[in-house]
Amino acid sequence: MLQDQEVHAAEMERTFIAIKPDGVQRGLISEIITRFERKGFKLVGLKIMVPSKGFAQQHYHGAKERPFFNGLCNFLSSGPVVAMVWEGEGVIRYGRKLIGATDPQKSEPGTIRGDLAVVVGRNIIHGSDGAETAKDEISLWFKPEELVSYTSNAEKWIYGQN
Ligand code: UDP
């Protein structure tokens with residue numbers, strides 16, 4: 001039988017989260033990191049960079065037929081973006097809950113977009129929308145050696161341990 005720690009290791013997943021240029025310029029980096037961190041998710045990759053327009057187009061390739069695609073890519077490449085990988089049980093789906101609906105007008109209070117943003121074109125944060133997207137986005141933004149694997153001392157308090 002698997003020990004608890006092994007069970008949790010098997011259930012761990014990773015998601016890609018980015019603080020867009022508006023979130024960086026508005027001084028919301030620490031606020032956003034805090035919300036993921038205090039939930040109990042673990043930061044395993046972090047960098048700040050200005051993506052090129054081509055890189056932004058790759059990141060948002062799934063939206064290339066949408067009318068806002070060009071403006072969105074111009075915006076993402078207009079300034080520094082904080083790129084992160086967060087790890088934890090259910091982090092892909094729950095990360096999206098922490099972020100809130102795409103349109104901040106429809107995001108619940110208590111979510112990042114609900115509390116901190118007003119319009120869809122400046123919704124401050126990106127989060128992968130599924131397991132496949134998470135895998136693709138993590139490998140687009142990070143080299144494998146830029147990600148760390150470690151056991152946090154808090155894990156036994158977050159996940160329990162017999
Ligand atoms: N977006 C926009 N106008 C729209 C819909 C989306 O500018 O009408 C932008 C917005 O910044 C959003 C991004 O395009 O975060 C990607 O859209 P998607 O539907 O994938 O939403 P998300 O996954 O970011 O919630």
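Only the coordinates and a few stated rules stand behind these numbers; no lab work does. Bear in mind that the values here come from a model prediction, so they are computed numbers and not experimental data. Using ideal geometry, Cβ is built from the backbone for each residue, glycine included, and neighbour counts are taken over all protein chains shown.
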Residue by residue through region 103-114, which ³J(HN,Hα) values in whole Hz follow from phi under the Karplus form 6.51 cos²θ - 1.76 cosθ + 1.60 (θ = phi - 60°), with glycine and proline marked x? 8, x, 5, 9, 6, 5, x, x, 8, 4, 5, x
If region 111-162 were replaced by its equivalent ellipsoid, with semi-axes equal to the square roots of 5 times the Cα gyration tensor eigenvalues, what would those be, largest first, whole Å? 28, 20, 11
Cut-off under 5 Å, modelled amide H: who pairs with Gly90 long-range: Glu13
So, by mean Cβ neighbours within 10 angstrom, what's the order for 146-153, 86-93 with the highest one leading? 86-93, 146-153
Where the only charges are on Cβ atoms (+1 Lys, Arg; -1 Asp, Glu), what is the dipole of the chain about its Cα centre, to the nearest 20 debye? 580 debye
Tell me, what ³J(HN,Hα) does each residue in region 82-97 have, in order and in whole Hz, if you take phi through Karplus 6.51 cos²θ - 1.76 cosθ + 1.60 with θ = phi - 60° and put x for Gly and Pro? 9, 9, 9, 10, 10, 10, x, 5, x, 5, 5, 5, 6, x, 5, 5
Rounded Å value of the spacing that divides the Cα centres of region 63-77 and region 30-59: 19 Å
Add -39500 (n - 2.57) for each DSSP H run of 4 or more in the chain, then divide by its residues: what number comes out at 222 nm, to the nearest 500 deg cm²/dmol? -11000 deg cm²/dmol
Using a/c under 1.5 as the rounded threshold, could you call region 72-140 rounded, prolate or oblate? The axes a ≥ b ≥ c are square roots of the C-alpha gyration tensor eigenvalues, and prolate needs a/b larger than b/c, oblate otherwise. oblate
Shape category assigned to the chain from the gyration tensor of Cα positions, a/c cut at 1.5: prolate
Specify whether the C-alpha gyration tensor of region 46-96 places it in the rounded, prolate or oblate class, a ≥ b ≥ c being the square roots of the eigenvalues: rounded for a/c under 1.5, otherwise prolate if a/b is larger than b/c and oblate if not. oblate
